[in-house]
Amino acid sequence: MSPTLKNLNETFNLISNATYRGVKGVMKFDTNKKGPTLGITMQTHGDEPAGLAVLWNFLTNNLQTQLQNGSVIFILQNIEAARAYFSLLDDKRRNQYRYTVNGVNFNRLPEDSLQMEKRVAKGKKLPPLAYEISRLNELYPVYQEFTHGYDIHTSQDEVPMIIAGDKFYPELVKGFPIEIVLTNIAEAQLNLPSFAFFGGLGSNIPVFEIEAGTDESEKSFQVAIDCSTALLKNLKMIEGKTKSAVEQYKEYFICDILVMENESFELVKFFEYYEPIKKGQELAKGIVNGKEKIIRASTDGHTIFPPLKMKRREHFSLSEETMFISKPVKTIRAK
């Protein structure tokens, strides 16, 4: 059974008021037996509630009583953006709360984010930190407990995908109902994803994200639940074995990004997810110093995370990627 948005709102209220190590929005379930510490993070972007479905399922089915070893830490990442989202459940404007007003993308964090708070603490006259930077610093000691990290997202596309961290771990995602894997995205993107801080910056623990489908789809909620249950089994934290849900994975290695230089730039067409492109193909056009500039594909490959139904992301900062470019798709046989 999949939860409804109402169920997820109730789950949000529960975890947003929970506290662990003095940090709000964190719940830890500990067996006090040696084993993995699995960090499950949700609403890194406020308008992506699917991760709450995992906590809802965990509590509804009393999985905390089935844990055989280790511990599970649930983190509501961007509490304030999530709060704004749930305050507008009957209003379409709720989808504007990916992050807080005047905030930053919790998945595009500056590399010096952990030093920013220290500079402010020294009394220098600096502008207030974005909420997301303060929240990262608050959560960092909890992140350092993780031996494995799992961040749950949704997107504009109904087809789910796995986003690998430093490497792809087929043994951990066995049983996931997902065949698409994105690799190298953390290296290609601007700034750092939140999972770069899991286990401690530079720890290189196994981390990955899933994009479970579209933002408010009950199908996405179920994908998030199924993946999380499979992960707990693969880590031998709960009883049961998994078997591959797919015969092979489609790997898209991210090798480039497209960033608009200024507001004059637009994509030359509406691109689809995974649309094949050729080296030299026109992707976007704009004006620089009074002259037209054309951005072309640097390689044969595919478009990843294109802005659907629009040629420019008016509601996103120009400092973010407009879309990613992958190498031609490869297949990896599932184990």
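Ordered by the number of other Cβ atoms lying within 10 Å of each residue's own Cβ, fewest first, MET42, MET161 fall into the sequence MET161, MET42.
Counted by Cβ distance under 10 Å from GLN68, the other residues give a net charge of +1, where Lys and Arg count +1 and Asp and Glu count -1. Available extension along the chain between LYS33 and VAL329 is 102.4 nm, counting 0.36 nm per residue and deducting the alpha carbon span. Note on ASP157, ASP151, ASP300: ascending count of other Cβ atoms within 10 Å places them as ASP300, ASP157, ASP151, the fewest first. Extension gain, GLU158 to GLN115: 0.36 nm times the residue separation minus the Cα-Cα distance gives 11.7 nm. Quick check for you: which residues of region 8-51 have the amide N under 19 Å from the point 7 Å beyond the Cα of SER203 toward its beta carbon? The answer is 20-44, whose backbone nitrogens lie closer than 19 Å to the label point. Listing GLU209, GLU247, GLU145 from fewest to most neighbouring C-beta atoms within 10 Å gives GLU247, GLU145, GLU209.
Taken together, the values in this text are just the output of simple stated rules run on the coordinates, not laboratory data. Please read all numbers here as calculations on a predicted model, not as lab measurements. So basically every Cβ, Gly included, is an ideal-geometry build from the backbone, and we count neighbours across all protein chains shown.
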